[in-house]
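To start, the structure itself, in structure tokens.
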Amino acid sequence: MALAEPNGGGRPRAALFSRYVVVALKTLLSIAVTMSGLLLVTFVIGRVMPIDPVLSMVGESASKATYDAARESMGLDKPVIVQFFYYFRDVLQGDFGISLLNSHPVSEDIKRVFPATLELATLGTIMGIVLGVPLGVFAAVNRGTWIDQVARVVALVGYSMPIFWLGLMGLLVFYGILGWVGGPGRVGIFYVDLVPSVTGMILIDSLLDRNWTVFKDAFSHIILPASLLGYYSLAYISRMTRSFMLEQLSAEYITTARVKGLPERTVIWRHAFRNIRVQLITVIALSYANLLEGSVLTEIIFSWPGIGSYITTALLSADMNAVMGGTVVVGLIFVLLNIFSDLLYKVFDPRAR
Amino acid sequence: MMKPFHNLMASVVLGLTVGATGLPAQAETPPNMLVIANRIDDITTLDPAESFEFAGSDVSRNVYGKLVNFDPLNLDAGYGPDLAESWTVSEDGKTITFTMREGVTFHSGNPVTAADAEFSLRRAVILNKTPSFILTQFGFSAENVGETIVADGNTLSITTDKRYATSFVLNCLTSTIGGIVDMKTVMANEADGDMGNTWLKTNTAGSGAYSVASWKPNESVTLSANPDFYLGAPAMKRVVVQHVAESASQRLLLERGDIDIARNLNPDDVKGMADADGVGVHTELRGRLMYISLNGKHPVLSKPEVRTAIKYLIDYEGMQNSFLDGQYTIHQNFLPATYLGAIDDAPYALNVEKAKGLLAAAGVEGLEITAGVREAQERVEIGQSLQNTFAQAGIKLNLVVGTGKQTLSKYRARELDMYIGAWGPDYPDPHTNAGTFAFNPDNSDEAGATGLLAWRNAWDTAGLTEQVAAAVVEGDRAKRQAMYESIQREFLETSPFAVMFQKIEQNGTNEAVKNLNLGGAITAVSYWQITK
């Protein structure tokens, strides 16, 4: 009789390893295909847009000779397919080209603006999860009661209130009148560049540098825009959590658990909530991804130099190198979040392994 | 390896606790530091040979010395000596010889010499970037700069292709492209024969009152005072220009004392600030004009009666007193007030009956036209006002609102019936606007003179081109002024342009700020004379 393998699965270790390798290769291939497609689509959109990138560089007073020279230097005189080939080759080397608008390498710009958005969106998402999930659960458990109604109103306001208005009101009240938080910008003007940039996220960099003054100031600046994003995240997460929970709470196994006399807390959190975790991961990942690329208005109101406003400004100014660079990075983030969600599924749901 | 992580985790709790208890906002800005909120997302480069945007000019004016320059405390005096101490003009009027000021140094410590001035002007011509036309219009070219721009000891001579008004040449040298760069520093950073252009896009090498300590696109520009500035070390040791796009955010920052100057306040915020303590409003007339133009290729819009009728269908006062209140003033000609030769004639006002009569005389009925307009709020509002007043005379105006680039591309291709736009002078001489509104030597499509507004509107200028060409070479200042006045009076009657407004800039300021000068209609802001 053959002995069972120590991993209990009866599966040879080498076979398991090769399975992991295959999965990893498939994942990498999927990323490569997705990103290539994204590059192609972004490039094509960039070329068919009815705006002139040369004009945005040389300005409207430029002579025809200057215009033609700039067009040639940008490679726009070459066939489109050749332009795409060069672009694809450069991107593979991490080179997104030079921003037409500010003369900086796009990769450097992204390195500067993306951490600003990451910091803001992460804090906003954490707030959304910490407040939104319990709110959704309580609303479901207390369906039809005043708690449910309050949760509904909170979410409705979050969905329907224009972010522009809410942001300005927040600034007016908490910064302008009460003076509880810092104003627009990532950090007070006196603290700019006081801590070395390690991650590009000022909260973390100031902690690494043990500079509490800068940390406090940066926190006072981020708390309001992050709360605003957190509120929108909360509205979405709480409604989805409520919906998922209602579905579980009406299932037979919950009735059985209650009949068995299990405490209500155990029924809700150990039984019902455990079963919605996988669905919640998808919701949270989507919400996070949206905040990472969709917080343009918040960034504008709070003068937050993030990737949303970077791409928008670039788009309106026909700075296609910057648009394509930013879009590729956001696309990559979506892909990575998707993969991360898949991994979490496997952790929380044995059926997905 | 784990130390940073431990630091991080240990600090998070402390930080969150402090943060949650509420933090006081910043107090006033320090007395030797100037903090400005402005929209600076138009800075594309810091190279004076290439820079051609508003926020870029603001930086350049404070970083680079020029041969001649304006005194911010006395702009009305016109240009005066800067890095050139004096100059003489040859008898034929074609050569100007500058004597350089002794003892001035660049930020690097290198002395400013005539060779640097020669290098800077030659470089600007050879690089042939967007603003190069400001110099090449004098006949300078990459091929001839060796003979036309020449340093000799402590003097620099420039020789133009023909006689021009000396004031025209010197006015042009006050613009950004006239900035003198540190040749040794720039050439030490040259790459692939680019004369340091790549390096100077993001770095500076000047001799002005400030050097650029950092430029983070769409975020901030920080300037450090030059303690060796030849006019004396500036009182403001550090100037920080923060990119704040929203007017309301700028106002809040100003009222909280976190900034000293708010550059982009809308009329509502200016009014709302009236009762705030410690802040005031600084007002200056700028060079920007708001105008509409009619395409000469359009069979109806090319008729003189129709052009005139449309000028009577604009509610100048209504717009000035409503949504443009405090931001624009009525001005109906191409030279902004304060320019040499500017006139304040404003014969047109809304007169629907007169316009109807003119349209009837031209045999026009049921006219429908399409106007291109950028998506800027004030321009769209102007468009809507025009829609309303045009409709009163039976003209249907369709607005096509697009991004700046979309609209401009069509305008430059002569494809728009009508354009609602703005124009800012390129340099502080009347020729800057005369040479584009009323100058068009070849009106054919093949000419491709996209830089000329007259060409974009397919207008042959009806003889004004020759008058403009004569005015730009007139050496007598009074005669030259009279020539521009005459050109404008004719322009007012015959041109397809209806100039409507001139820009007023209203800045919110901390009352402690003294000697602020935004540059009026002729130049950019300067910081070295500011005190608090």
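Would you calculate a helix-derived [θ] at 222 nm for chain B, using -39,500 (n - 2.57) for each DSSP H run of n ≥ 4 and dividing by the full residue count, to the nearest 500?
-9000 deg cm²/dmol
Which order, highest average first, do A:114-125, B:340-351 follow once you tally other Cβ atoms within 10 Å for each residue and take the mean per peptide?
A:114-125, B:340-351
Along Cα→Cβ, 7 Å out, is where each label goes; now give me the distance between the ones at B:Asp228 and A:Phe84 in nm to one decimal.
If labels sit at B:Asp228 and A:Phe84, their model points lie 5.5 nm apart.
For the protein assembly as shown, what Kirkwood radius comes out of the mean inverse Cα-Cα distance, in Å?
30.6
Just tell me how shielded B:449-455 is by partners: mean number of partner chain Cβ atoms within 10 Å of each residue's Cβ, no decimals.
Mean shielding by partner chains, rounded to a whole number: 3.
Could you pull out the chymotrypsin sites (Phe, Trp or Tyr not before Pro) across region B:431-468 that fall in loop regions by DSSP (anything but H, G, I, E, B) with no more than 15 other Cβ atoms inside 10 Å?
Sites meeting the loop and neighbour criteria: none at all.
How big is region B:286-504 on each of its three principal axes, counting only the C-alpha atoms and giving the largest first in Å?
In descending order, the Cα extents are 49, 41, 36 Å.
Given the Cα-Cα distance of A:Ser73 and A:Lys26 and 0.36 nm per residue of separation, how much length would full extension add, in nm?
Full extension of this stretch gives 13.0 nm more.
Need one number: % antiparallel among DSSP beta bridges in the protein assembly as shown, to the nearest 5.
75
Can you give me the orientation-averaged projected area of the convex hull built on the Cα atoms of region A:85-197, in nm²? Before the final figure, lay out each step's value.
Values: hull surface 49.0 nm².
Computed as one quarter of the Cα hull surface, the answer is 12.2 nm².
Based on the Cβ-Cβ distance of B:Lys162 and B:Ala337, what FRET efficiency does E = 1/(1 + (r/R0)^6) give at R0 = 25 Å, to the nearest 0.05?
With R0 = 25 Å, the Cβ-Cβ based efficiency is 0.25.
Hull surface divided by four, with the convex hull built on the Cα atoms of region A:106-352: how many nm²?
Dividing the Cα hull surface by four gives the mean projection, 15.9 nm².
Hand me the chymotrypsin sites (Phe, Trp or Tyr not before Pro) from region B:269-329 located in a DSSP loop with no more than 14 other Cβ atoms within 10 Å, in residue order please.
Here no loop site has a sparse enough neighbourhood.
Per-residue Cβ counts within 10 Å, from other chains only, averaged over B:116-123: what number is that?
The mean count of partner-chain Cβ atoms within 10 Å per residue comes to 0.
Report the FRET efficiency, 1/(1 + (r/R0)^6), for B:Glu490 and B:Asp76, where r is their Cβ-Cβ distance and R0 is 30 Å, rounded to 0.05.
It comes out at approximately 0.60.
Given the peptides B:491-498, B:72-79, B:133-140, arrange them by the average over their residues of other C-beta atoms within 10 Å, most packed first.
Details: B:491-498: 21.6, B:72-79: 14.5, B:133-140: 20.0.
Peptide ranking by packing, descending: B:491-498, B:133-140, B:72-79.
Pick out, in residue order, every one of the GluC sites (Glu not before Pro) in region B:34-141 that is DSSP loop and has at most 13 other C-beta atoms within 10 Å; say none if there are none.
Listed in order of number, the matching sites are B:Glu91, B:Glu102.
In whole Å, what are the extents of region A:13-92 along the principal axes defined by its C-alpha atoms, from largest to smallest?
That works out to 70, 20, 18 Å along the principal axes.
Cα centroid distance between region B:22-94 and region B:212-277, in Å?
The two parts, judged by their Cα centres, are 15 Å apart.
Taking R0 as 45 Å, what FRET efficiency do you get between B:Asp325 and B:Met33 from their Cβ-Cβ distance, rounded to the nearest 0.05?
Calculated value: 0.85.
Which number comes out as Rg/Rh for region B:40-208 once both Rg and the Kirkwood Rh are worked out on C-alpha atoms?
That ratio equals 0.93.
Along the charge dipole of the protein assembly as shown, pointing to its positive end and built from +1/-1 on Cβ of Lys, Arg, Asp and Glu, which listed residue (A:Gly128, B:Val221, B:Gly402) has its Cα farthest out?
Among A:Gly128, B:Val221, B:Gly402, the one farthest towards the positive end of the dipole of the protein assembly as shown is A:Gly128.
Suppose the chain between A:Leu16 and A:Ala65 were pulled fully straight at 0.36 nm per residue; how much longer would it get relative to their current alpha carbon spacing?
Here the segment from A:Leu16 to A:Ala65 would lengthen by 11.2 nm.
In Å³ and rounded to a whole number, note down the convex hull volume per residue for the Cα atoms of chain B. All intermediate terms of the calculation are to be shown ahead of the outcome.
Numbers: hull volume 96.4 nm³, N = 532.
It comes to 181 Å³ per residue, whole-number rounded.
At 7 Å along the Cα-to-beta-carbon direction for both B:Ala142 and B:Gln377, put a label point, then send me their distance in nm to one decimal.
So the label points at B:Ala142 and B:Gln377 sit 4.5 nm apart.
Modelled label-to-label distance, A:Thr256 and A:Ser243, 7 Å Cα→beta-carbon offset: nm?
Computed distance between label sites A:Thr256 and A:Ser243 equals 2.8 nm.
What relative contact order, as a whole-number percentage, does chain B give when Cα pairs under 8 Å and 6 or more residues apart are counted?
19
Any read-out appearing in this document is the output of simple, stated calculations on the displayed coordinates, not a laboratory observation. Quick caveat, the model's predicted, so the values are computed rather than measured. We place every Cβ from the backbone using ideal geometry, glycine too, and count neighbours over all the protein chains shown.
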